[in-house]
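Shown next, in structure tokens, is the structure this report addresses.
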Amino acid sequence: MNLNDELIATITAEALAALAAVDTIEELDERFPSIVGKRSAFASMQKSFGSLDPEQRRELGARLQDARRAVEASVELRRIDLRAAARTTMLEADRLDLGDVVVASQSWAVTLGHAGLVGSTQAELEDVFVAMGFTVADGPEVESDWYNFEALNIPPAHPARGMWDTFYVDLGEPETVVLRTHTSPTQIHLMESAVANDSLPIHSVAPGRCYRRDTPDARHLAAFHQIEGLVVDHHITFADLAGTIETFTRAYFGPDIESRLRPAFFPFTEPSAEFEITCTICHGAGCRTCSNTGWIELGGCGMIDPAVFESVGVDPDRWSGFAFGFGIDRCAQMRHELSDMRALIENDVRFLGQFA
Amino acid sequence: MRAPISWLREFVDLPESVDDLRTVLDDLGLVVEGIEFVGEGLEDVVVARVDEIHAIKGADRIRRIVVDAGAGPLEIVCGAWNFEVGNHVPLAPVGAVLPGGFAIEKRSMRGVVSNGMLCSARELRLSDDHEGLMVLDDVITPRIGQPIVEALGIEPDVVFDLSIEGNRPDAWSIVGVARDLAARFGRPLREPEYASPTPGTPTATVASGEIDASDLCGRLTVSLLRNVRVGPSPSWVVNRLERAGMRSISNVVDASNFVMLELGQPTHPYDAERVNGSTLRVRRARTGESLVTLDGVTRTLAKPGRGLGDTGEDCVIVDGADEVLGLAGIMGGESSEIGLSTTTVLLEAAYFDPMTIARSSKRHGLRSEASHRFERGVDPELALRAVARFVSILRASVPDLEWLDGPIDVRGDVPEPSMVLLRHDDVERSLGTALPVDGVVANLRALGFAVALADAGDLVVTAPSSRPDIRTGAAGRADVIEEVARIHGYRRLVRRTPTWPQPGGLTPRQELRRRIRQVMVDLGVDEAWTPTLGSETSFALTHDGSTPIRITNPLASDESILRPTMLSGLVAAWGRNIERGLLDVRLGEIGVVFTHPRDAASARRTRGGAGGKVDLDLPLENERVTVVLGHRSDDATSAATLWTLIANRLGLADVVIRAVENPGAGAHPTRSAALVDRASGVVLGVVGEVDPQVIDLVAGVQGRRLGLLDIDLDVLADTQAVRRRSQRVAVPGRYPSAVIDLAFVAPLSLHAADLGHALSSATPLVESVILFDVYRGANLAAGTRSLAYTVRLSSADRTLGDSEVATLRDELIVVAGQHGATLR
């Protein structure tokens, strides 16, 4: 072992000894320069290489650098240990047995909280439909492609799948697991379970959160809420659908708000319709919100497509039905003249505090 | 789709009122998204001659122009550079209002007064051209002062911008829209002018066409056109195209586009000289083949994509030497493009399988007007009629055009037009409105359906080849009924509000969700909505060694993981409020959190994949209520107090707060405890504080405490696991209660709540036991503390005497002793 190697071994051992003597993270930060940093023996040895020839300098420099890196690694390990120790000490000093808290001695000052706009709107909508004889159903937010698309008569690679900007979940084969793009998969769950339990008819609404891969702006969020309606019973016709929409519209938006249907296309209903209601801003007179038509689009609806009945095993000769769906957030937006939907997810208490 | 009213009128007589027409179009499901009035706003624009051009001192973008529009010199400031003295350009004088409502005013720029505006074609909404002013000398022989409308021969028109639904490929054309209108108005639909082939040389002697993939290509027609001279189109063709939103290219390309817009059939013209053997053949692309499409991009063919069910199948057109000429139905290749020197045109008009085109177009990220139509479904019977129309249009500029006799027409697999049996009561059973059968028949026939009357008023309905959306069987019946309803008018259908004997209502679970939300809000918590998708960092801090569930195609990298908890979202929301100077905030959310199927005790197994034939394990969805208490004075005890109040309002029988070794990721390890149903031992949540590590994610809040309450709604809803107080109400006794205080020294391992419970259950005469003091001090043995309770004793039938109270007190002390506590 030559002199230089000996020297490197010595300063390494000294640095490690100095490191071992460090007890707190603050101390480590303070002593770092002298252990392995700018004021360390490594740094001064590095400087002394100036007089050596390039070949020797490179070779020696590499060895010194290796030794210095090894010490640095020890410093980092030590830092992690000290940080964990500091955390443990802090947590221990802070310990509180909540089982021993004398709740009776704690006072709870009266403050008022506020229900969220979307949640309240959802409850109001549910109440209207419950009063009309509907039950309320819940459905999952992560669905397979079968429930979100194919059972709803949207086959794989069909252009109609392009109507939904889908978030795919990294599970199973590509594009088989999705964040539901609409609440319509709940229709399939409801019908499947009614068939399995022999419990038709169905008169249900299914509210819930849905997702579309769409950059958020003032009018859209990537997550939003829909409410789906499903009626499967004997002798249900398009007239029942139109009447249900009409009754709901007046009950929720007010007696002077009317509804109308116009033809549209959805793979899971036929005949299908888009439903529009009297513009709630101008009451039909024409304004910017309704592009001067006096009407605004609320959602889609239609008679259950026989292909959907087939995929869930409902006999279309015995049963018929309709479905509808529309945006809960959109109802809230209209009722409260909300100019920027993004406020809904910012959770600023000055925004939240405006709702009863 | 843009539909000019003048073009529609070629096919059907229409009412004058644009508003009425809009209403009818909407009611037919051809939704009007916008209306453009062509020629509107051009009334005041006149032809002006440029007489002088001067620089403006200190301005390098604008110049002072002197023009004459018939009333002497006029100074205008102009920013365009594409003209010279002597050119004629459009002038919008002061007071003019341009299309779109832009009013021209006298303005001063750099000290120069501008008395109007010289306009580009786009400013006049005449085309998309915004390269500079519209120099009129290029187009017409201009006359100073002449109104621009007159000079350019612009006929006022109205263009509807229609949104056509995915199931109406037939309506993606002028004639298709006109057909709907003709059916609604009960008026005849006129045919356009079609050309006939030139007798003489049969096509087959000079050209050929073959289909090698009959499942991908249902029909291929090849026509040969001779004596072609490529040049400009007549102005009526140019105007129609421009109003419909397409730019004029040359008479041949324009004829192709014209036919596509008018009839819905895309056609593709090739320079016959550049197609080997004047042969067009349709086949599957082979692995390794590529093509430079007309947009100059090299496309690798037959390469499987990542979409579900995408095998990489591409349908291509090849020539006699098997060279790939184009991606069938989507875009042609550069090699056989027609040019100015083209004199012989090989014209392809075909029918391709919609799904094949859809998949190819999606995979190559290549959407064209043609692919758009083919993927929805072009009328397979339309091809040769479209060629006849093409020839008739091209003959306007090439009168001696020769269309060789006997165009080649080969067939592959074409879907059969659907035949549907419409039983006499089907319409009423579906619509709830009885429609007279002759009206139904007339409406269907007007749409091109063949209708035959069968027995008992049933109808046998055959869809026209233009309606691939009409299916067979029960689905086909629904499709036909929609057509009947559409032409009749949805607004004229009966409405009836249905009723049924089954009651509506919420499930107990839904009631619980509402209840807890109400209680939370009543106690001062604002309800929040935080993102379902979170970042790696927040996942790392708030999961318990579980597997992240990732989104394959997130919008942003910090929104790529399904949340394992709502905690990080709520902490971020709290932080955002603090950033905005709102320092006392309590937020709560009721929502779903996700567990990877690998980590779930029992996976949620469901069907998925094509045909629903694969078993898939989906993430477990767990509904929770999470509250963060972020008033400056809040800490773990606030959370404990809040929980006690909530538990009381929810009517829970006996849920206790119990210290645990590991309260769970995100919770403060030494200041959080579990919520446990004493009887079942089931844990339903966590109460305490948020882990300082998580709080550190928020800037500027160091040292602040954040109370935490996190409840599992799935567990809470289970009334076996979390028992409710009895429904039976107890009537308090009339006799006075005796109140005694008892202080015990108890080991730390004995929960205060358990000792209290033991005291309560010691004798039926105990009315209540309330912990009122906890004392830890050096004068007590190590590992113990003092717990002091107020105990109320009472009897339903007597006043308890002093001696009886003393006996009861001794009994309670004995019971406490059995649990390891001694009277202090």
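The values are calculated or read from the model by the stated rules, or taken from the named source; none is laboratory data. The model shown is predicted, which means the values in this text are computed figures rather than measured ones. Methodologically, a virtual Cβ is constructed for each residue, glycine included, from the backbone with ideal geometry; neighbour enumeration extends over all protein chains shown.
Within the range A:16-40, residues that are crowded, with 17+ Cβ neighbours inside 10 Å reach partners that are among the acidic types (Asp, Glu) with beta carbons closer than 8 Å, at six or more positions or on different chains, in the pairs A:36/A:72.
Residue-level analysis places residue B:505 among those that are facing chain A (nearest Cβ under 8 Å) and either surrounded by fewer than 16 Cβ atoms within 10 Å (Cβ to Cβ) or of a type outside the set (S, T, N, Q) (or both). Just one of the listed residues (B:58, B:29) is out of contact with any strand residue (DSSP E or B) (no Cβ under 9 Å at 6 or more places or on another chain) and farther than 22 Å from residue B:240 by Cα, namely B:58. Is the range B:293-301 home to any residue that is crowded, with 19+ Cβ neighbours inside 10 Å, modelled with pLDDT under 95 and of a type outside the set (Val, Ile, Thr)? Within the range B:293-301, one or more residues are crowded, with 19+ Cβ neighbours inside 10 Å, modelled with pLDDT under 95 and of a type outside the set (Val, Ile, Thr). The set of residues from the range B:472-502 being more than 8 Å from chain A (Cβ to nearest Cβ) and either touching an Asp or Glu at 6+ places or on another chain (Cβ under 8 Å) or under 30 Å from residue B:218 (Cα atoms) (or both) comprises B:472, B:476, B:480, B:483, B:484, B:487, B:489. Of the residues making up the range B:182-196, just one is touching a Leu at 6+ places or on another chain (Cβ under 7 Å) and closer than 9 Å to residue B:13 by Cβ, namely B:182. Please verify whether residue B:560 is within 22 Å of residue B:546 (Cα to Cα), surrounded by fewer than 24 Cβ atoms within 10 Å (Cβ to Cβ) and more than 10 Å from chain A (Cβ to nearest Cβ), treating the condition exactly as stated. The answer is no for residue B:560.
Within the range B:354-371, the presence of a residue that is surrounded by 24 or more Cβ atoms within 10 Å (Cβ to Cβ), closer than 17 Å to residue B:220 by Cβ, in contact (Cβ under 8 Å) with a residue 60 or more places away in the chain and within 12 Å of another protein chain (Cβ to nearest Cβ) is excluded.
Inspect all residues belonging to the range B:677-699 and state whether any of them is acidic (Asp, Glu), touching a residue at least 60 places away in the same chain (Cβ under 8 Å) and closer than 27 Å to residue B:766 by Cα. Taking every residue of the range B:677-699 in turn, none turns out to be acidic (Asp, Glu), touching a residue at least 60 places away in the same chain (Cβ under 8 Å) and closer than 27 Å to residue B:766 by Cα.
Is it the case, given these coordinates, that residue B:531 is in contact with a strand residue (DSSP E or B) (Cβ under 9 Å, 6 or more places away or on another chain), within 8 Å of chain A (Cβ to nearest Cβ), surrounded by 15 or more Cβ atoms within 10 Å (Cβ to Cβ) and closer than 24 Å to residue A:116 by Cβ? So residue B:531 passes the test. In the range A:88-111, what count of residues is obtained for those that are part of a helix (DSSP H, G or I) and facing chain B (nearest Cβ under 8 Å)? Number of matching residues: 9.
Taking residue B:133 as the residue in question, decide whether it is in contact (Cβ under 8 Å) with a residue 60 or more places away in the chain, in contact with a Leu (Cβ under 7 Å, 6 or more places away or on another chain) and not in a strand (DSSP E or B). Here the answer is no, as residue B:133 does not meet what is asked. Among the candidates B:239, B:227, which residue alone is polar (S, T, N, Q), within 15 Å of residue B:392 (Cα to Cα) and out of contact with any helix residue (DSSP H, G or I) (no Cβ under 7 Å at 6 or more places or on another chain)? Only one candidate passes the filter, namely B:227. One residue stands out among those in the range A:134-159 that are small (Gly, Ala, Ser) and within 20 Å of the chain's Cα centre (by Cα): the one that is farthest from the other protein chains (Cβ to nearest Cβ), which is A:139.
When residue A:289 is tested against the conditions (1) within 9 Å of chain B (Cβ to nearest Cβ); (2) within 29 Å of the chain's Cα centre (by Cα); (3) hydroxyl-bearing (Ser, Thr, Tyr), the lone failure is (1).
Condition (residue is without any contact (Cβ under 8 Å) to a residue 60 or more places away in the chain, away from every other protein chain (no Cβ under 11 Å) and surrounded by fewer than 16 Cβ atoms within 10 Å (Cβ to Cβ)) applied to the range A:269-281: is it met by at least one residue? Yes - at least one qualifying residue is present in the range A:269-281. The residue of the range A:41-69 that is farthest from residue A:9 (Cα to Cα), among those that are surrounded by 14 or more Cβ atoms within 10 Å (Cβ to Cβ) and without any contact (Cβ under 8 Å) to a residue 12 or more places away in the chain, is A:52. For residue A:118, the conditions (1) part of a helix (DSSP H, G or I); (2) at the interface with another protein chain (Cβ under 9 Å from one of its Cβ atoms); (3) aliphatic (A, V, I, L, M); (4) surrounded by fewer than 20 Cβ atoms within 10 Å (Cβ to Cβ) are fulfilled apart from (4). Hey, could you check the range A:66-75 for residues that are of a type outside the set (Lys, Arg) and within 48 Å of the chain's Cα centre (by Cα) and say which is nearest to residue A:2 (Cα to Cα)? My answer is A:66.
Do you know which of the residues in the range B:563-593 that are assigned to a helix (DSSP H, G or I) and at the interface with chain A (Cβ under 7 Å from one of its Cβ atoms) is nearest to residue A:118 (Cα to Cα)? Walk me through it before giving the result.
We begin by selecting, within the range B:563-593, every residue assigned to a helix (DSSP H, G or I); these are B:567-579.
With the extra rule that they be at the interface with chain A (Cβ under 7 Å from one of its Cβ atoms), the set shrinks to B:573, B:576-577.
Details: B:573: 17, B:576: 20, B:577: 20 Å.
So, considering only residues that are assigned to a helix (DSSP H, G or I) and at the interface with chain A (Cβ under 7 Å from one of its Cβ atoms), the one nearest to residue A:118 (Cα to Cα) is B:573.
You will find that of B:624, B:632, the residue that is more than 7 Å from chain A (Cβ to nearest Cβ), surrounded by 19 or more Cβ atoms within 10 Å (Cβ to Cβ), closer than 16 Å to residue B:525 by Cα and among the charged types (D, E, K, R) is B:624 and no other.
Checked against (1) aliphatic (A, V, I, L, M); (2) buried (at least 18 other Cβ atoms within 10 Å of the Cβ); (3) not in a strand (DSSP E or B), residue B:71 meets all criteria but (2).
Being within 30 Å of residue A:126 (Cα to Cα) and either part of a helix (DSSP H, G or I) or more than 7 Å from every other protein chain (Cβ to nearest Cβ) (or both) is the requirement here; does residue B:445 meet it? Write out each step before concluding.
Numbers: within 30 Å of residue A:126 (Cα to Cα): no; either part of a helix (DSSP H, G or I) or more than 7 Å from every other protein chain (Cβ to nearest Cβ) (or both): yes.
So residue B:445 fails the test.
Scanning the range A:251-286 for residues that are within 31 Å of the chain's Cα centre (by Cα) and among the acidic types (Asp, Glu) turns up A:274, A:276.
Listed here are the residues, each with its yes/no results for (1) touching a strand residue (DSSP E or B) at 6+ places or on another chain (Cβ under 8 Å); (2) farther than 14 Å from residue A:143 by Cβ; (3) away from chain B (no Cβ under 11 Å); (4) not charged (D, E, K, R).
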| position | (1), (2), (3), (4) |
| --- | --- |
| A:194 | yes, yes, yes, yes |
| A:198 | no, yes, yes, no |
| A:202 | yes, yes, no, yes |
| A:220 | no, yes, yes, yes |
| A:236 | yes, yes, no, yes |
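Of the residues making up the range B:302-329, those that are at pLDDT 95 or above, under 18 Å from residue B:375 (Cβ atoms) and β-branched (Val, Ile, Thr) number 2.
Restricting attention to the range B:219-245, which residues are in contact with a strand residue (DSSP E or B) (Cβ under 6 Å, 6 or more places away or on another chain) and either within 23 Å of residue B:271 (Cβ to Cβ) or surrounded by 20 or more Cβ atoms within 10 Å (Cβ to Cβ) (or both)?
Result: B:219, B:220, B:221, B:222, B:223, B:224, B:225, B:226, B:227, B:228, B:243.
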